[in-house]
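J.: Before I ask anything, here is the structure I am working with.
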Amino acid sequence: MFHWFSTRRRKKLTAVAFPRAWEAIVQRNVAHFCMLTPDEQARLRSLIQVFVAEKQWEGAGGLVLTDEIRISISAQACLLLLGLPHNYYRNVATIIVYPSTVVAPPRRPGFFEVPMAPVEPGQAILGQAFHQGPVIIIWDAALQGGRQPELGYNVVYHEFAHKLDMLDGAADGTPPLADRAEYRDWVETCSAEYLRLRRDAAQGKPSFLNAYGATNEAEFFAVATEQFFDRPREMAAQAPDLYRVLKAYYRQDPVSRLGKNTCT
């Protein structure tokens, strides 16, 4: 019954024309949008319409939420879903947005919430994803990441990659995959690249991946996701097998989009 209701509601949401103001926001703040094909853009618009309506949005730290904030974050989060079978991040109910980097206060988890990594008092954050709780996003970082993918840092991709990882109940760097063969390929490839990043980080050797990915397997997947979308050519050149398994998982090929502009 609930599935029927949600499907009907989503059809109504996507039957409404995508607002022109939203289109302008996406084109202005999400550089990847104009690299997509017209069909991909249409699918992303539909994803945004459902996502922004179904999630609970909360402004924190004095931030007043606007359509620009909601649509810009939604577009980046939904880009990850573009090729995936999904249920609009069913493990995300609430998105909390701060205006800029914050030193988070202690937060009491909800009754049913199992935090992945509780925010410690005095810890500065750009974003955070809780296992059975909200996603925290810093707006100025999200805006910069959306507009400047060449920087290779995107807090929205990072935190929502964590939520994809958590869909099977564990934050272990391995999201739900299709079959045993894909799991074997994923584990062999990602383990090798994760260990290489840890060695590089320990030796102070630069890597195409952010050294933060050496923290653990979950952070590795989130960092690799950022690079896959924002610096795909570099990943394909330096870690072709890693690019291959992420391409198979996300069912997208960011390298093929480079240099395209379908918004003109």
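Quick note: the coordinates plus some simple rules give every number you see, no bench work behind them. Everything quoted here is computed from the prediction, not taken from an experiment. Positions of Cβ are generated from backbone atoms using ideal geometry, with glycine treated the same way; all protein chains shown enter the neighbour counts.
J.: Rounded to the nearest 500, what is the 222 nm mean residue ellipticity of the chain from helices alone, with -39500 (n - 2.57) per DSSP H run of 4+ residues and division by all residues?
T.: Details: 10 runs with 130 residues, N = 264.
When only DSSP H runs of four or more count, the value is -15500 deg cm²/dmol.
J.: For a quick check, take a GNM of the chain with Cα springs below 10 Å and name the residue from T215, T66, T174 with the largest mean-square fluctuation.
T.: Among T215, T66, T174, the largest mean-square fluctuation in the Gaussian network model of the chain belongs to T66.
J.: Applying 1/(1 + (r/R0)^6) with R0 = 41 Å to the Cβ-Cβ distance of R8 and R244, what FRET efficiency is obtained, to the nearest 0.05?
T.: Numbers: r = 39 Å, r/R0 = 0.94.
That pair, R8 with R244, gives E of 0.60.
J.: How far apart, in nm, are the 7 Å Cα→Cβ label points at V16 and L63?
T.: Calculated label separation equals 2.3 nm.
J.: Suppose the chain between L84 and D140 were pulled fully straight at 0.36 nm per residue; how much longer would it get relative to their current alpha carbon spacing? Display every interim value, and only then the final one.
T.: Details: separation 56, 0.36 × 56 = 20.16 nm, distance 2.76 nm.
Full extension of this stretch gives 17.4 nm more.
J.: Build a GNM of the chain with springs between Cα atoms under 10 Å: which of H131, H86, H158 gets the top mean-square fluctuation?
T.: Checking each option, the largest mean-square fluctuation is seen for H86.
J.: With an 8 Å Cα cut-off and a minimum separation of 6 or more residues, compute the relative contact order for the range 184-264 in percent.
T.: Numbers: 59 pairs, mean separation 19.5, N = 81.
So the answer I get is 24 percent.
J.: C263 to A178: extension gain in nm, 0.36 nm per residue of separation minus the Cα-Cα distance?
T.: Values: separation 85, 0.36 × 85 = 30.60 nm, distance 3.38 nm.
Between C263 and A178, full extension yields 27.2 nm more.
J.: Could you give me the ³J(HN,Hα) list for the range 146-163, computed from phi with Karplus coefficients 6.51, -1.76, 1.60 and θ = phi - 60°, whole Hz, x at Gly and Pro?
T.: Whole-Hz 3J(HN,Hα) from phi for the range 146-163: x, 7, 10, x, 4, 6, x, 10, 9, 5, 5, 4, 4, 6, 7, 5, 4, 5.
J.: Is any residue of the range 216-230 close enough, with backbone N under 16 Å, to a label point placed 7 angstrom from the Cα of A170 along the Cα-Cβ axis, and if so, which?
T.: 216-221
J.: Additional query: Please identify, among D140, D241, D200, the residue showing maximal mean-square fluctuation in a Gaussian network model of the chain using a 10 angstrom Cα cutoff.
T.: Highest fluctuation among the options: D200.
J.: Please report, in debye to the nearest 20, how large the charge dipole of the chain is about its Cα centre when each Lys and Arg carries +1 at its beta carbon and each Asp and Glu carries -1 there.
T.: Once rounded to the nearest 20, the dipole reads 780 debye.
J.: Then there's this: FRET efficiency for A192 and T37, Cβ-Cβ distance as r, R0 = 30 Å, nearest 0.05? Each step should come with its number before you reach the end.
T.: Values: r = 33 Å, r/R0 = 1.09.
Between A192 and T37 the formula returns 0.35.
J.: May I ask you to evaluate 6.51 cos²θ - 1.76 cosθ + 1.60, the Karplus curve with θ = phi - 60°, for each residue of the range 190-207 and list the ³J(HN,Hα) values in order in whole Hz, giving x for glycine and proline?
T.: After applying 6.51 cos²θ - 1.76 cosθ + 1.60, I find 5, 5, 4, 6, 5, 5, 5, 5, 5, 5, 4, 5, 5, 8, x, 8, x, 9 Hz.
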